[in-house]
Amino acid sequence: MRQTQLDCLARNIYHEAGYEPFEGKVAVAQVTINRTESGQFPSDICKVVYQKNVVYEKVLCQFSWYCDQASLKKPMNGPVYTESMEVAKKVLLEGFRLPSVKNALYFHGEQVQPNWGKPPLTKIGHHIFYL
């Protein structure tokens, strides 16, 4: 079970922040885990990562890479995935956390303008994090 949760977390880190700095990878992992602990999302990491919602008959993924079939078929960059797995272990198994995203449940790339109406907590790498 633990290995499955680590794999799901590492995949999410890889696809969302694989080419971001260490802190960006940790922040994405932390948001994923924060969601499992929030009571607003599934309590299982894999279910959080692969969660889909239907809004006005349109399927939306919580993490956009999962809805992008091309990214699911593309081979992963070995060294980047290895680093993503190391971050997953550090966050999930060792409890490493960044204070700046302690309660963050959402993030998006800086190029996206979602109009969530939430004040941002912080920006790390190319991602903006929110409560």
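Just the number please: accessible area per residue for segment 1-112, 1.4 Å probe, all protein chains included, in Å².
Values: 6220 Å² over 112 residues.
Using a 1.4 Å probe on heavy atoms only, each residue of segment 1-112 averages 56 Å².
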Can you tell me how much longer the chain between N77 and E23 gets when fully stretched, taken as 0.36 nm per residue apart minus their C-alpha distance, in nm with one decimal?
-> 17.5 nm
By how many nm would the segment from K118 to N103 lengthen if fully extended, with 0.36 nm per residue of separation less the alpha-carbon distance?
-> 4.1 nm
Kindly write out, for segment 31-39 in residue order, the coupling ³J(HN,Hα) from the Karplus curve 6.51 cos²θ - 1.76 cosθ + 1.60 (θ = phi - 60°), rounded to whole Hz, with x marking Gly and Pro.
-> 4, 4, 5, 3, 4, 5, 9, 7, x
The chain - percent of accessible surface contributed by carbon and sulfur, probe 1.4 Å = 52 percent
Phi-derived 3J(HN,Hα) across segment 86-103 with the Karplus relation (6.51, -1.76, 1.60, θ = phi - 60°), rounded Hz, x for Gly and Pro, is 4, 5, 4, 5, 4, 7, 6, 8, 9, x, 5, 9, 9, x, 5, 10, 3, 10
What are the ³J(HN,Hα) values, in whole Hz, obtained from phi via the Karplus relation 6.51 cos²θ - 1.76 cosθ + 1.60 with θ = phi - 60°, for each residue of segment 54-61 in sequence order, with x given for Gly and Pro?
-> 10, 10, 6, 6, 10, 7, 10, 9
Computed for the chain: size of charge dipole around the Cα centre, +1 on C-beta of each Lys and Arg, -1 on C-beta of each Asp and Glu, debye to nearest 20, value 160 debye
What ranking of W116, W65 comes out by heavy-atom accessible area, probe 1.4 Å, highest first?
-> W116, W65
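Counting helices only, and only those DSSP H runs with n ≥ 4, report the 222 nm mean residue ellipticity of the chain as the sum of -39,500 (n - 2.57) divided by its residues, in deg cm²/dmol to the nearest 500.
About -14000 deg cm²/dmol.
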Amide H to amide H under 5 Å from L121: which residues, 5+ apart in sequence or cross-chain, H placed 1.01 Å off N in plane?
-> F129, Y130, L131
Candidates E94, E57, E86: whichever shows maximal mean-square fluctuation once the chain is modelled as a Gaussian network with Cα springs under 10 Å | E57
Residue-span extension gain [V55 to Q3] - 0.36 nm each, minus C-alpha spacing | 15.5 nm
Global form of segment 59-131, assessed from the alpha-carbon gyration tensor, a/c cut-off 1.5 = oblate
Given charges of +1 on the Cβ of Lys and Arg and -1 on the Cβ of Asp and Glu, with all other atoms neutral, how large is the dipole of segment 85-126 about its Cα centre, in debye to the nearest 20?
-> 120 debye
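The values are calculated or read from the model by the stated rules, or taken from the named source; none is laboratory data. Small disclaimer: the values here were computed from a predicted structure and weren't measured. Every residue, glycine as well, gets a Cβ built from its backbone with ideal geometry; the counts of neighbours run over all protein chains shown. The area values use the complete protein model at the heavy-atom level, side chains included, leaving out ligands, DNA and RNA. Shrake-Rupley method; radii C 1.70, N 1.55, O 1.52, S 1.80 Å.
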